[in-house]
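Undergrad: To start, I am sharing the structure in question, which I have written as structure tokens.
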Amino acid sequence: MSKVDVLLGLQWGDEGKGKIVDVLTPEYDVIARFQGGPNAGHTLEFNGIKHVLHIIPSGIFHENKKNVIGNGVLIDPYIFAREIENLENRNVDATKNLYISKKAHLILPSHRMLDAANERAKGNAKIGSTLKGIGPAYTDKIARSGLRVGDILEFDFKEKYELQKFQHQQLAKTLKFDIDSFRIEDLTLEEYEERWFKSLEVLKKFQLINSEYFLNDCLSKGMKVLAEGAQGSMLDIDFGSYPFVTSSSTITAGVCTGLGVAPSKIGRVMGITKAYCTRVGAGPFPTELFDEDGEQLRQKGNEFGSTTGRPRRCGWIDIPALKYACMLNGVTDLFVTKIDVMNDFDEVKVCKNYLIDGKASEELPFEFNSVEILPEYVKYKGWKTELAGIPTFDKLPENLLAYLSELEKMIGVPVKALSVSPDRKDVLFR
Ligand code: GDP
Ligand code: IMO
Ligand code: MG
């Protein structure tokens, strides 16, 4: 009997999860997504190509590995079909090794419309959603009125669809949202709907399964399963900076409900953090930089959203937030990415604690959104060295090793891997 290893983001998303999953896939038999949906954008780079995945697990480029979209994930069939087409253009035939849970919920075109309606109604308090329909679709799931992948095979699917759409239209009206003038990716609701229904035929070509049985069966046969997180712990519905969060459980606990595996079957938990912080969308960000250093991180790190293209907010690494995420997730191994982005800095900073009302604190307060949080920094000497091509951990510059060792001490979890470029080949394991 094997266990499910978990790989997830410890910050506000975009930590480089897609790249690391792709690098680790050879060690596993199955890669499974357990939450989120097309709000995710996971970038993989190898052999000079760059590929962004949204709903499909990042193991898909490895032909003989199984990939599972679990019950906790949301699927927009139109976006899914587009992803499949992009893969076909790269000669990847996912019909052979992609399995989809019948219990995964569907994002309807009208969910996307409602997402926009909700954001508009919030005005200045808007969340900065990716507008992929995530909030409204998870709302319907919890309200027990959602439609699931398995439903598309039922004779009365269209009827159920129309009922949901009608309810969404009524809701949009109460929000004074003009449905007729609204465009989703330049398409009217009707045009999107037409494509959406066509895309159901693409979805039907895949193996639609009870993925909880499938995965537990894999584990009982001793197969190695890796759960791939989306978003990050600071965007978790319960523990993130609510309401500036996504609508799913992004932490290890979400693996159990999002895949149907028992807590006792969780193995290693690999937590990914950038060597600095980014956030896209609204909400608190104690170490955010508005100066040249922030701009340098954004430019060198190419910090523009993989899903929306929006510039990401950038800041120094935040230890209280990382310790919180490690506690919530039970992180056993820390993976640090994008360290190369800081190669040119004379000195780098680490937020070791917050100052709240003049008092030092390592805890994230309930009032995270409203209280003034001042970061207290420790400075470290930069390493001023190009890192790509360095073959092993022990050959890293001394200043960098000292910085990593300090991070480990502060966070209390060992650094097991370091990523030094967007490419698959540039990860150093310890
Ligand atoms: P994900 O959502 O966690 O999979 O991350 P994204 O793909 O949204 O964003 C990470 C970005 O950083 C992508 O453009 C990656 O190609 C890139 N990236 C990943 N690891 C590294 C790294 O170690 N160094 C650099 N410079 N870029 C990286
Ligand atoms: P990956 O998997 C970064 C953010 C949005 C917004 C908030 C809610 O690529 O790391 P939603 O669309 O879920 O209603 O948006 O969460 N967000 C992400 N930020 N990376 C992501 O995914 C994100 N998915 C959602 O910007 O602030
Ligand atoms: Mg991303």
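The values are calculated or read from the model by the stated rules, or taken from the named source; none is laboratory data. It should be emphasised that the depicted structure is a prediction, and the values quoted were computed from it without experimental measurement. Because the Cβ atoms are built from the backbone with ideal geometry, glycine has one as well, and the counts that use them run over all protein chains shown. Just so you know, the surface numbers come from the protein's heavy atoms only, side chains and all, with ligands and any DNA or RNA stripped out. Shrake-Rupley method; radii C 1.70, N 1.55, O 1.52, S 1.80 Å.
Undergrad: Among the residues of segment 29-82 satisfying the criterion of being of a type in the set (Lys, Arg) and away from ligand 1 (no atom under 13 Å from the Cβ), which is nearest to GLU303 (Cα to Cα)?
TA: By that ranking, first place goes to ARG82.
Undergrad: Search segment 289-318 for residues that are aromatic (Phe, Trp, Tyr) and pair each with any residue that is within 15 Å of ligand 2 (Cβ to nearest atom) when their beta-carbon atoms are under 8 Å apart and the residues are at least 6 apart or on different chains.
TA: PHE304/ARG298; PHE304/ARG310; PHE304/PRO311; PHE304/ARG312; TRP316/TYR276; TRP316/CYS277
Undergrad: Related question: Of the conditions (1) surrounded by 15 or more Cβ atoms within 10 Å (Cβ to Cβ); (2) part of a helix (DSSP H, G or I), TYR380 clears all except one; give me its number.
TA: Looking at each condition in turn, TYR380 falls short on (2).
Undergrad: Now for a different question. Which ones in segment 91-130 are free of Cβ contacts under 8 Å to residues at least 40 places away in the same chain and within 21 Å of SER145 (Cβ to Cβ)?
TA: Residue satisfying the conditions is ASP115 alone.
Undergrad: Also: Restricting attention to segment 61-68, does a residue exist that is surrounded by fewer than 23 Cβ atoms within 10 Å (Cβ to Cβ), in contact with a Leu (Cβ under 8 Å, 6 or more places away or on another chain) and farther than 12 Å from ILE100 by Cα?
TA: Yes, the conditions are met somewhere in segment 61-68.
Undergrad: In addition: If the Cβ limit is 6 Å and pairs must be 6+ apart or interchain, which residue in segment 414-430 that is open to solvent by 10 Å² or more (accessible area, probe 1.4 Å) and among the aromatic types (Phe, Trp, Tyr) pairs with which residue that is more than 16 Å from ligand 2 (Cβ to nearest atom) and assigned to a strand (DSSP E or B)?
TA: Pairs that qualify, where the first residue is open to solvent by 10 Å² or more (accessible area, probe 1.4 Å) and among the aromatic types (Phe, Trp, Tyr) and the partner is more than 16 Å from ligand 2 (Cβ to nearest atom) and assigned to a strand (DSSP E or B), are PHE429/ALA417.
Undergrad: A further question follows. Being within 13 Å of the chain's Cα centre (by Cα) and either of a type in the set (Asp, Glu) or not in a loop (DSSP other than H, G, I, E, B) (or both) is the filter here; which residues of segment 221-251 pass it?
TA: ALA227, GLU228, SER233, MET234, LEU235, ASP236 - these are the residues of segment 221-251 that are within 13 Å of the chain's Cα centre (by Cα) and either of a type in the set (Asp, Glu) or not in a loop (DSSP other than H, G, I, E, B) (or both).
Undergrad: Let me ask another. Collect the residues in segment 301-326 that are closer than 22 Å to TYR377 by Cα and either within 13 Å of ligand 1 (Cβ to nearest atom) or not in a strand (DSSP E or B) (or both), keeping them in residue-number order.
TA: GLY301, ARG312, CYS314, TRP316, ILE319, PRO320, ALA321, LEU322, LYS323, TYR324, ALA325, CYS326
Undergrad: Here's something else I'd like to know. So, restricting to strands (runs of 3 or more DSSP E) that lie completely within segment 1-77, which ones have at least 3 residues that are within 30 Å of ILE411 (Cβ to Cβ) and aliphatic (A, V, I, L, M)?
TA: Counting at least 3 such residues, we get 4-9, 30-33.
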